[in-house]
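Encoded as structure tokens, the structure appears first; notes follow it.
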Amino acid sequence: MLAAAAAVVFAIAYIINATSTSTDAGFTPLSLLLAGLTLVALHLCGVGSGWAVPSRRRRRR
């Protein structure tokens with residue numbers, strides 16, 4: 001899920017950069033690039049992938 005969010009952030013940054021749209025200082029293509037890279041890094045670390053409760057049931061042989 002975080003990888004999809006990163007792809008959207010990268011697309012927005014590309015559109016802003018390609019059209020040379022002037023934005024506020026905190027909303028530049030570089031800041032969006034860094035936010036997207038942070039989302040990709042979190043995705044690769046396993047954050048946001050959900051978690052499962054480990055089962056205490058033992059398998060019978």
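Please arrange LEU42, LEU30 by counting, for each residue, the other beta carbons lying within 10 Å of its beta carbon, fewest first.
Going from least to most buried by this count: LEU30, LEU42.
At a 10 Å Cβ-Cβ cut-off, how would you order SER22, SER31, fewest neighbours first?
Ordered by Cβ neighbours within 10 Å, fewest first: SER22, SER31.
Tabulate in residue order the Karplus-calculated ³J(HN,Hα) for segment 36-43, using 6.51 cos²θ - 1.76 cosθ + 1.60 with θ = phi - 60°, rounded to whole Hz; enter x for Gly and Pro.
So the J values, rounded to whole Hz, are x, 5, 5, 5, 5, 5, 5, 5.
Throughout, read-outs are computed from the coordinates displayed, never taken from laboratory work. In this text, all values refer to a predicted model and were calculated from it rather than measured experimentally. Reconstructed Cβ throughout: ideal geometry from the backbone, glycine too, with neighbour counts over all protein chains shown.
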